[in-house]
Amino acid sequence: MRRTVLVGLTAGAMLLAACGNSTSTGEGAKQGEPINVGLIAPLTGAYSALGKGDREGAEVAVQQINAAGGIKGRKVNLIVKDDQTKPDQSVVAFDSLLSEGVVGVLGSSNSNAALAVAPLAQRQGIPYVSLSPSDELVQQRLHNVVTVPPTSRMWSERDLQWMAAEGIKKIAVVYAQDDAFHSNGQRSTADLAPKYGIEVVANESVETGATDFSPALTHIRRSGAEAIFLWIAGPGAVIFTKQWAASDLHDDVKLVMTGAQASSLYSEPAGDAAEGVIINGYAAVIGDHLPAGALKEKYQTLSDELQRRYNSEFAQFTGDAHAGAELLFAAMEQASSLAPEAVADSLTVCRC
């Protein structure tokens, strides 16, 4: 089955450096004992597929750092909490991690959950590495917070560049209005589209858990759109794809997506309906086809470990979690101590 992937972004972390106060909570563990690090992930609920990648990527990173001798001679202990794809449960998970003496936290890939927890991490002085591509976290410039994935604005611009190169002039945007990443994507697309000579002729808002997209498809059919820019993650993206493929829009209106669908967690359940869908993604998503070099070697190492441990393939969110964990571990190693405030300071300047 053919898959079309746009390679426009590479995995990395954007440091959100700014002035801010932090409070000391101590070293988080006695010398020689394992260092507790937290992971909050949507292991259940609408974004459970994302949470699966979060957990697997972080766990592999922990295994690798421990095999290499740990951090400052100490092993890392990963404490995983499920936020159920709910912001309030992400807050509960964060509070629980605080009570367990974590030195830092890898945050949820659910943008709404990350936005709920990041201000708490700032107030508590806890380093927080967000696995959510949240524009707001970048804009808030919290001292203790960094984010790993590209923001919705970055995804939007790269896809618009592709559409402009393809000669597409009119697009429809379908987005989950109850999710920060997707609603920001709609706003970014509306803001950036004129720059590329593209007109947004339809905006269709839905809920994250929507299952019937026939009203949106009917409106799009009447709009004259040449492409649909889909801002939905999880099962909704699969359902939309199948309904688009079964409609009379399939042959004339392209379906374009962000990296939220750049994995077999989307393509396998979507099946033949995903034929011809355009997906933006990291270079590592097509790692098997990369030329020989450092990036290919890093991808292959992670891919092999995912297969061995979980029988899983590399996914966008796996890469985000693995990169986020490596960033946090590098900051911990380079920090003057393992006190959370020292690690937070190190996050803004560390090299990994």
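Some observations on this one:
- Some residue of region 187-202 being of a type in the set (Ser, Thr, Tyr), crowded, with 19+ Cβ neighbours inside 10 Å and not assigned by the TED database to the domain that holds His322: yes
- Residue match in region 275-289 (condition: at pLDDT 95 or above, part of a helix (DSSP H, G or I) and surrounded by 15 or more Cβ atoms within 10 Å (Cβ to Cβ)): no
- Residue that is surrounded by the fewest Cβ atoms within 10 Å (Cβ to Cβ) [pool: residues in region 228-248 that are of a type outside the set (Val, Ile, Thr) and under 20 Å from the mean Cα position of the chain (by Cα)]: Pro235
- Residue count for region 283-299, restricted to those that are touching a helix residue (DSSP H, G or I) at 6+ places or on another chain (Cβ under 7 Å) and over 19 Å from Ser267 (Cβ atoms): 2.
- On the stretch given as region 315-345, residues that are crowded, with 20+ Cβ neighbours inside 10 Å and either under 21 Å from Tyr266 (Cα atoms) or of a type in the set (S, T, N, Q) (or both) total 8.
- Checked against (1) hydroxyl-bearing (Ser, Thr, Tyr); (2) in a helix (DSSP H, G or I); (3) crowded, with 18+ Cβ neighbours inside 10 Å, Ser312 passes all but a single condition, namely (2).
The values are calculated or read from the model by the stated rules, or taken from the named source; none is laboratory data. Owing to the predicted nature of the structure, the values given are computational and were not obtained by experimental measurement. As a convention, Cβ positions derive from the backbone with ideal geometry for all residues, glycine included, and neighbour counts pool all protein chains shown.
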